[in-house]
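Structure record follows, encoded as structure tokens.
The values are calculated or read from the model by the stated rules, or taken from the named source; none is laboratory data. Only a predicted model underlies this, so the values are computations on that prediction, with no experimental measurement involved. Positions of Cβ are backbone-derived with ideal geometry, glycine not excepted, and every protein chain shown enters the neighbour counts.
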Amino acid sequence: MNFSILDFGAVGDGVTLNTRAIQQAIDACTDSGGGRVTVPAGRFLSGTICLKSRVDLHLESGAELVSSLDPADMPDLMGGFDDDNRDTGWEGGCFLLARHAEDVTISGPGRIDGRGREVFYEDDADGGSHESPLKVRGYRPRMSFLEDVKKLTVRDVTFYDAAFWTLHMAGCRDVLIEGVRIENNERGPNNDGIDPDCCRNVIIRGCIITCADDAIVVKTTAPMTKKYGDCSNILISNCILRSHSSALKIGTETWGDIHHVTMGDCILDQCTRGIGIWSRDGGRIHDILIHHIAGSTRRYRDRVRQDSEVVVWWGKGEPVFLSATRRAGVERTPGVIEGVCMDALHITCEGAVMIAGERESPIRNVTIRDSAFRWARQGSLTPDCLDEQPSRRGVYPHAVPTVYIRAGEDISFSDNVRFEIDDSMKPYILDTVISE
């Protein structure tokens, strides 16, 4: 059955608040046994929309669902979650919500607007380069929070200008994310693209993502690990990723184990980091396969004003970054990264291939083969430091080699791995491997 939100009183003028009308359409659909709820052409402003079992929320061509930025329109459903990592940002609400549901779909050629442009603003804190993170003001909800959904499908829709995380799946099973476009501000803090959190059996393919924070990031946050356990069986392929942070990432939140993850056949477009694996919270990360990745990584300018809200990018143009170290001010042992195989990486970069563990949290059994790394200037900054944020080590002055290894065991570069340093970078990149 098909239920149009117009039949329930929705008005697509971009001003009328349509929360009640849209929710009534969804409730009627699921009560009838399931079907499609159609959003036609127009701009439909709404508060939190609760998706239900056996419902396909379908946005037709020209349709826009527009997120309210009024806290009164978005119940704080997540503020009670216990997590000492403030970057996870559990306080506040979300626009699209699903919990403990089955067979939920978001589809169609329409657009979902998070209105990030109304919470991010420019203060020229990077000397006029317009590369640094923007400042933030006001209330900014997640664009979605989809928890404990079995058989979740998100297909073809465009997510636009998220104010916080865009597509956050927590504890979901049997997930297909296909043909999705995410068009976020390239300087907006915390506007991650796709975050599978403690999920299992996930396919993400054919997506085009632009954002300031991580494009696709697999993680196990503290509250979701307690409820749903590890994150496993994740397949990411055929995506084009542009980010001022990491393109393909595991971590930083690693309270539970993360394993059997495959990432391949993706293009990186001037990301701050290419492939990143962070261990910070005790989980074991293992059985990771990364293959056929091409593109570029570069360093962007940070904020230069030293105020209480200074925000800097994590990353200095590293093509590969594996890190197991302690968070600042936290006594947890980070965990272990082991069993990582990478092949057919072809990346132009500005930072080191970095594999940095600690004695209590080594990085083991990592292979990079049949790959080519080329160091060439892309931005205006020169390599002069190593960056292990967020951690006790932070950012510190250091010679930048082609490869930096610390507390690594069974790390191998084999089968035709090539390193090339362009003339523009030869004064700054050491043509050597530093092992500490």
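Just the residues that are basic (K, R) and either closer than 21 Å to G116 by Cβ or surrounded by 24 or more Cβ atoms within 10 Å (Cβ to Cβ) (or both), please, taken from region 177-227.
Of everything in region 177-227, those that are basic (K, R) and either closer than 21 Å to G116 by Cβ or surrounded by 24 or more Cβ atoms within 10 Å (Cβ to Cβ) (or both) turn out to be R181, R187, K219.
So for region 236-247 (the condition being surrounded by fewer than 24 Cβ atoms within 10 Å (Cβ to Cβ), more than 26 Å from G80 (Cα to Cα), without any contact (Cβ under 8 Å) to a residue 40 or more places away in the chain and not small (G, A, S)), does at least one residue qualify?
Within region 236-247, one or more residues are surrounded by fewer than 24 Cβ atoms within 10 Å (Cβ to Cβ), more than 26 Å from G80 (Cα to Cα), without any contact (Cβ under 8 Å) to a residue 40 or more places away in the chain and not small (G, A, S).
R301: among the basic types (K, R) and modelled with pLDDT under 95, yes or no?
Yes, satisfied.
Go through region 218-240 and count every residue that is among the hydroxyl-bearing types (S, T, Y), in contact with a strand residue (DSSP E or B) (Cβ under 8 Å, 6 or more places away or on another chain) and not in a strand (DSSP E or B).
Residues meeting the conditions: 2.
Considering region 1-34 alone, what residues qualify as being more than 27 Å from P71 (Cβ to Cβ) and small (G, A, S)?
Result: S4, A28, S32, G33, G34.
So T38 clears everything in (1) buried (at least 16 other Cβ atoms within 10 Å of the Cβ); (2) in contact (Cβ under 8 Å) with a residue 24 or more places away in the chain; (3) outside any strand (DSSP E or B) except one condition, right? Which one?
Answer for T38: the failing condition is (3).
Out of region 331-353, which residues are of a type in the set (V, I, T) and either surrounded by 23 or more Cβ atoms within 10 Å (Cβ to Cβ) or over 14 Å from T252 (Cα atoms) (or both)?
Across region 331-353, the qualifying residues are I337, V340, I347, T348, V353.
Return the residues of region 59-89 that are β-branched (V, I, T) and touching a residue at least 60 places away in the same chain (Cβ under 8 Å); say none if nothing qualifies.
T88
Applying the selection to region 362-376, what residues are surrounded by fewer than 17 Cβ atoms within 10 Å (Cβ to Cβ) and closer than 21 Å to D422 by Cβ?
Correct list: A372, R374, A376.
Quick check on my filter: what residues within region 1-21 are in contact with a helix residue (DSSP H, G or I) (Cβ under 6 Å, 6 or more places away or on another chain), surrounded by 18 or more Cβ atoms within 10 Å (Cβ to Cβ) and either assigned to a loop (DSSP other than H, G, I, E, B) or touching a residue at least 40 places away in the same chain (Cβ under 8 Å) (or both)?
A10
Out of the residues in region 404-421 that are surrounded by 13 or more Cβ atoms within 10 Å (Cβ to Cβ) and among the charged types (D, E, K, R), which is nearest to G379 (Cα to Cα)?
E420
Mind listing just one residue for me: the one in region 161-202 that is touching a residue at least 40 places away in the same chain (Cβ under 8 Å) and under 19 Å from P109 (Cα atoms) and, of those, nearest to the chain's Cα centre (by Cα)?
Across region 161-202, the extreme among qualifying residues is G193.
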